[in-house]
Amino acid sequence: MTNRLEVGQIVNTFGIKGFVKVKPFTDNIFRFDNLKNVYINQKQYEIEEVKYHKNLVLLKFKNIDKIEQAEFLKNYYLEIDRKDGVLEKGAYYIVDLIGLDVYTDTGELLGKLDDIYNTGSNDIYVVKTELGKQLLLPAIKDVIKEINLEEKKIIVHLLKGL
């Protein structure tokens, strides 16, 4: 498991006072209210102020007071220490799921979890088979039966048509 988690990406600057626009990678955008620090390119930055604008997070970092300083942060990812992460019950970090073996509930190995897409209504798990094909599985209770991080496997039930 990784020690740090990506929580967003700086996509632009905002205004002239050093704010940056962040595309959040979290289900709860307001989790930024409780963050004190983030890491950008392995360097720690202290958060001075948080605002929200059109599904984006606006962050002001301590000692970043001009647009010219904020420009250098564009396109970098924000990371936090794993201990500062917030998960709801039954939720998992994507980084912990990628690479897990995926089995059917009858014991057949389908492949490895290669990616996860969010469609809005539910996530889609992309399973890559040993032959390189992709299986797309909706992350719903009828399909995803068990996630076991200790055994590094996911058990799924294939519905008719999957």
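Coordinate-derived values only; no laboratory data. Because the structure is a prediction, the values reported are computed rather than measured. Because the Cβ atoms are built from the backbone with ideal geometry, glycine has one as well, and the counts that use them run over all protein chains shown.
Given DSSP loops and a limit of at most 16 other Cβ atoms within 10 Å, what is the longest stretch of the chain that contains no such trypsin sites (Lys or Arg not before Pro)?
The reported range is 90-132.
Over the chain, calculate the relative contact order: mean separation of alpha carbon pairs under 8 Å at least 6 apart, over the residue count, as a percent.
19 percent
Specify the residue with the greatest mean-square fluctuation among Ile40, Ile140, Ile80, computed from a Gaussian network of the chain linking alpha-carbon atoms under 10 Å apart.
For the chain, modelled as a Gaussian network with Cα springs under 10 Å, the answer is Ile140.
Search the structure for amide H atoms under 5 Å from the amide H of Val156, placed 1.01 Å from N in the peptide plane, and list their residues when 5 or more places away or on another chain.
When sequence neighbours closer than 5 places are left aside, the close amide H contacts are Tyr103, Thr104, Asp105, Lys145.
Suppose R0 equals 25 Å; then what is the FRET efficiency for Asp33 and Lys89 from their Cβ-Cβ distance, rounded to the nearest 0.05?
Using R0 = 25 Å, I get an efficiency of 0.75.
What FRET efficiency do you get for Ile16 and Glu46 if R0 is 22 Å and r is their Cβ-Cβ distance, rounded to the nearest 0.05?
For Ile16 and Glu46, the calculated efficiency is 0.60.
Taking square-rooted eigenvalues a ≥ b ≥ c of the alpha carbon gyration tensor, is the stretch 48-157 rounded, prolate or oblate, where a/c under 1.5 means rounded and, failing that, a/b exceeding b/c means prolate?
On the way: a/c = 2.70, a/b = 2.48, b/c = 1.09.
Verdict is prolate for the stretch 48-157.
Hey, any idea what the orientation-averaged projected area of the convex hull of the stretch 94-156's Cα atoms comes to, in nm²?
Projected area, direction-averaged: 4.1 nm².
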